[in-house]
Amino acid sequence: MDRIKDRLASLRVEADTAIERAEKAEAANKKYELEILHKDQEIQSLSHKLQVAEGELEKAEGKLASAKLDKEQGETSRSTADNLARKIQLLEDELDAAEKNLKETTEKLRQVDVKAEHWEKQVQRVEHERDAMEKKYEDMVTKYQHSQKELDELARSLDQL
C-alpha cells in the first residue's frame, strides 16, 4: 500500500513538474510572440523610413536634374551661375546624404529581417517544445488515470478480502 502511495506521490510530482514546464514554455512563447510583434512594428517603421528616404531621393534627384538643366541653358549672369553652382552642390550633398541614409536604412531593414527570421525559428522551436510537453503531460495524465483505476481496483480487492 505504501508503494502505491509512493508511486502516486511520484506521479503527482511528475505531473506537477510537467504542468510547470508547460506553463514556462507558454510564458516563453508569449514573450517570443511579443518580441516578434515588436520586430514587425520596427520593420514597418523602417519600411516607412525607407519610403520617405526614397521620396526624398527622388525629390533631390529632380532638384538636381532641374539645377543641371538650368546650368546647361547657360545663364548669362555670373552671379546667377555662382548661385546655381551653390544650389547644385547643396543638392548633391543632399543626394549623398539621402543615399547614405538609404543604404543605412536598407542595412537596418536587412538586419531586422534576419532577426525576425531568427525569432520566428525560435518561436517555432518553442512551439514544438510546448507541443511535446503537452503530449507528455497528456500521456502522464493518462498514466495517472490508469494508475488511479488500478489503485481503486486494488483497494476494492483488498476490501473484499
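The values are calculated or read from the model by the stated rules, or taken from the named source; none is laboratory data. Because the structure is predicted, anything quoted here is derived from the model rather than measured. Reconstructed Cβ throughout: ideal geometry from the backbone, glycine too, with neighbour counts over all protein chains shown. Surface accessibility is based on the protein's heavy atoms, side chains included, excluding ligands, DNA and RNA. Shrake-Rupley method; radii C 1.70, N 1.55, O 1.52, S 1.80 Å.
For the chain, with the dipole built from +1 on Lys and Arg beta-carbon atoms and -1 on Asp and Glu ones, taken about the Cα centre, which of S45, A132, A67 lies farthest toward the positive end?
About the Cα centre, the residue reaching furthest to the positive side is A132.
Within the range 57-161, what whole-number % of the accessible surface is contributed by carbon and sulfur, with the 1.4 Å probe and all protein chains included in the calculation?
50 percent
Tell me the Kirkwood hydrodynamic radius of the chain in angstroms, computed as one over the mean inverse distance between distinct C-alpha pairs.
The answer is 22.2 Å.
Could you give the alpha-carbon Rg of the range 89-143 over 2.2 N^0.38 Å, rounded to two decimals?
So the Cα radius of gyration is 2.32 times the expected 2.2 N^0.38 Å.
Give me the dipole magnitude in Debye, nearest 20, for the chain about the Cα centre, with unit charges on the beta carbon: positive for Lys and Arg, negative for Asp and Glu.
240 debye
Let me spell out the model: positive unit charges on the Cβ of Lys and Arg, negative unit charges on the Cβ of Asp and Glu, origin at the Cα centre of the range 39-110. What dipole size does that give, in debye rounded to 20?
Result for the range 39-110 is approximately 60 debye, rounded to the nearest 20.
With a 1.4 Å probe and every protein chain left in place, work out the accessible area per residue of the range 12-161 in Å², rounded to a whole number.
75 Å²
Too long at a 27 Å Cα-Cα cut-off: which of K30/K149; K121/K143; K68/K103; K5/K135; K30/K100; K30/K143?
Over 27 Å Cα-Cα: K30/K149; K121/K143; K30/K100; K30/K143.
Projecting each Cα onto the charge dipole of the range 95-154 (Lys/Arg +1, Asp/Glu -1 at the beta carbon, about the Cα centre), which of W119, Q148, T106 comes out farthest on the positive side?
Result: T106, furthest along the dipole toward the positive end.
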